Amino acid sequence: MVSPVALVWVAIALGRLFMGSSKLRSNVTIRLPQRRFVGLFAAAILTLLFWSDNSALVFGLLVVSGVVGLSHELAAAVLIPLGLPRLTWVLYRLGGGNGPPAERRASADLAAARALVRRPSEAAARFIERDLATCVELGTSGAAAMALVSLSRGDCNQAHAIFRLIDTMGDHAPPVAARIAREHLMVDAFVREDWRRVEEYEKRAKGSRLATLLASVARRKTHAYRAPSTAVLWMAWLIAPRRRATYALVVDALKARHVSPPVPVAASLEAYVKLLASWPIGARREDLAAAVQSLDALRASPAVAAGIEKRGLALGLTADGKEVCDAILCDAEEDLAQSVLEAGWPATWAPRGITGDAIRARVEQERVSRAEGLVAELERRSRHRVDLSENDEWRAWADARSAIDELLCDNVPPATAFSIVFAQLTAYAVRLTNVRARRILAGDVFRVLQDLAHQGRASHTYELVDRNVTAVKADGLPREKELHGEPIGDLSRVASLRDVVLPRALGAVVGVGVIAMVWLLAAEKFFLAGACAWMTFAAMFLFAVTGHFVQCAWSVEGLVVQSRRLRFIAQFADIAAIGAGPGALVRVRLYRAPRWLPRVVFTLARSRAEAEAHAARVPIAGGC
Amino acid sequence: MDPRARLRDNPFFVLGMSVGSTSMELERAARRLLSELAVGREASRTYSTPFGCMERTPENVRAAVDALRDPAKRIRHEWWAAVPVSADPPRETLDVPAAQYARLLGLRCV
């Protein structure tokens, strides 16, 4: 006898398939429970059933349901530590992925990338890249996956730039991606002995046992306020992962060691040399202050200028000793400003004074011009329609955002920063949203602008920035009454049938068909159940086919594809093929499409000849 | 630009001479170093700076002696060359943290 529970499981699967095929025309986003929760539910029921009836079929279904239900946990506990990217990817896809709907697909690639860095291989890296290339948008999970792929190839700078951006996205990033980014950044700061950043990341990485241990070790090493006791440190080590690797850190932190005090301020270069000798690893704010104040002391010392003048005369120079001294100190200021810039320290770390003010001014000027340059480059690319691959686009925005954040750290007024970036970043993000369909990346740009507008009290832009942030949360561009560009398909003659009558009729047939099939199978009326299954299948097939009908138009940016709800611009490179027939039908196959749009869509031209003309003029650039 | 470049590439450190050396002594030292580098003498391949030992090449020896011919430039280099040097090897800033980074995160790359 076929178990009714198993049939319920089949019915759920068919229901999901049916819901999936209806995504094109539904005005309501149907939120089904995630596949792995359904798997867990089915596994729980099947366990009870197996308890009473030791059937092999029930056991098989129980195993399948269990694997689906615990797919993510299995991957995290077994496959990722073993470094098996492809199997990890399969298991994650089986479980439906995690995170927001737009990120679920890329979350499987992120899991695979986590396995990849455990056991790097170029073939697996390419596999992840290929799969991500089929996503219409990388999203935060995809960007994190690409960062890990870069890391597996040894490109730490690229990886950390993306991780920094993900870290600044806060709650808008999926928790897994945010946790990975934070852990990597924190470990990087730790090994570079950047204790200030270790503390910062620890505050944000709530609940991370590794972060707690590293922050405890950092506090112990620097003898900071609230440094943990020996017992607390060992406890943190005990509960942290990778105890073998972290044991040496704890032992090292427990050794009695005093942090060297900064060199006392004097009219000499000792503090300056000490700072640069320990730069950038291990250099502290106090070291910079001592170096700056020592240069001030040198500047104020009449003996130094007199000594230089005397030596100048011996070399046959007639220059004033004070002038030469100032030129030398100017060189030193330049070096210190450069060290502040390269290490990413706030300019406010330089204490007030002649040298300190000069360093602050140099650093601020350099950072303003860097931010202006990066933002102008983003705007220039959007104006000239020069698009980068999405991975490079994330990197470009990560650099620009980091430059803006550094500006704000240097006490540049938010109103000034906002006026520098507002118009250019808005133009950039609008193109990202409207043309490139990169809504997650654009969302971050708009949120930065929103924060800056509110901090800088630019009240005249509140409405615009708030509207942009809201608009980018939608699944796609809103439907237009009249498509701009050269139209391909005209569906007006079948609109009412397509949009209203057919979906409801087919939906009813499928719904009733599935229930009837389950009931008939349970009653062992196999012939009727088979007939019902065929009828349901035929209805679903027709439903799916009609769901693929869209309106299309050529534009300068690509092919505009408009469903009943939303609009999408497929870039020329994203069009795999266009075919004509039968009749006036035009078939469009896309390499990439958003979640709400099938990758194969149909439209109706006015005539067969027109359909063939459209198919013949495909400006395909070779795909992704 | 590396903020340590000014001290690291100081001509007096490159030539291994004190600030009180005469022009003649500097020229002679440069010629000696160039010939030693040409025959591959081990001791001439490195020079001491405040940040540890650096590699000496014929190009930076020539650039150093050129820079010291101009008295206006020389007086500035002399001022910088007054700081004490260290004969230690230069501090590793990349490999050690990278290895530790990978170990802490359980990575087999980087």
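Descriptive notes on the structure:
- Once the partner protein chains are put back, region A:266-282 shows a loss of at least 50 square angstrom of accessible area, versus the chain by itself, at A:L269, A:V273, A:L276, A:W279, A:I281 (probe 1.4 Å, ligands and nucleic acids excluded).
- For the chain pair A and B, the buried solvent-accessible surface (1.4 Å probe, both sides summed) amounts to about 3800 Å².
- Residues of type aspartates and glutamates that A:K473 reaches as a straight line, Cα spacing below 15 Å, ignoring anything fewer than 8 places off in the same chain: A:E103, A:E137, A:D171, A:D444
- Note that region A:71-141 shows a convex hull volume over its alpha carbon atoms of 69 Å³ per residue.
- Annotation for region A:337-399: trypsin sites (Lys or Arg not before Pro) lying in DSSP loop with at most 14 further Cβ atoms inside 10 Å of their Cβ are A:R352, A:R385.
- Helix axis angle, A:285-300 relative to chain A longest principal axis, alpha carbon, degrees: 40
- The mean sequence distance of close C-alpha pairs (under 8 Å, at least 6 residues apart), as a share of the length of region A:247-405, puts its relative contact order at 17 percent.
- Set of aspartates and glutamates near A:K221 by C-alpha distance (under 15 Å), chain-local residues within fewer than 8 positions excluded: A:E193, A:D194, A:E199, A:D252
- Equivalent ellipsoid semi-axes - Cα gyration tensor, region A:30-161, angstrom: 33, 16, 10
- For region A:564-615, the spread of Cα positions along each principal axis, largest first, Å: 31, 24, 14
- Tail fraction, Cα-Cα pairs, region A:287-350, threshold 14 Å, whole percent: 61
- Over the protein assembly as shown, all Cα pairs binned in 20 Å intervals from 0 give whole-percent P(r) values of 13, 36, 31, 14, 5, 0, listed from short to long.
- For region A:333-345, backbone phi angles converted through the Karplus equation (6.51, -1.76, 1.60; θ = phi - 60°) give residue-by-residue couplings of 4, 4, 5, 5, 4, 5, 5, 5, 5, 5, 7, x, 7 Hz, Gly and Pro being listed as x.
- Mean partner shielding of peptide B:70-82, defined as the number of other chain Cβ atoms within 10 Å of each residue Cβ, is 5.
- Here's how it looks for B:T46: its modeled amide H is under 5 Å from those of B:R56, which are all 5 or more places away or on a different chain.
- Residues of type lysines that A:K525 reaches as a straight line, Cα spacing below 24 Å, ignoring anything fewer than 8 places off in the same chain: none
- When you restrict to C-alpha pairs under 8 Å that are six or more residues apart and normalise by the size of chain A, the relative contact order lands at 11 percent.
- Each of A:L49, A:Y201, A:A376 was scored by the projection of its Cα onto the charge dipole of chain A, and the greatest displacement toward the positive side belongs to A:L49; charges sit on the C-beta of Lys, Arg, Asp and Glu.
- Within the accessible surface of chain A, defined with a 1.4 Å probe on protein heavy atoms only, the carbon and sulfur portion equals 61 percent.
- Percent breakdown of C-alpha pair distances by 5 Å bin, ordered from the shortest bin, for region B:1-86: 3, 15, 29, 26, 19, 7, 1
- With protein chains left intact and a 1.4 Å probe, residues in chain A average 46 Å² of accessible area per residue.
- Distribution of pairwise C-alpha distances over region A:388-454, 5 Å bins, in %: 4, 17, 29, 26, 14, 8, 2, 0
- Region A:119-176: C-alpha pair distances exceeding 13 Å, %: 60
- The convex hull around the C-alpha trace of region A:331-455, projected and averaged over every direction, spans 8.0 square nanometres.
- Amide H partners (placed H, <5 Å) of A:A319, local residues excluded: none
The values are calculated or read from the model by the stated rules, or taken from the named source; none is laboratory data. All of these numbers come straight from a predicted model, not from anything done at the bench. FYI the Cβ positions are ideal-geometry reconstructions off the backbone, even for glycines, and counts take in every protein chain you see. Each accessible area value is taken on the protein alone, full model and side chains, heavy atoms only, with ligands, DNA and RNA left out. Shrake-Rupley method; radii C 1.70, N 1.55, O 1.52, S 1.80 Å.
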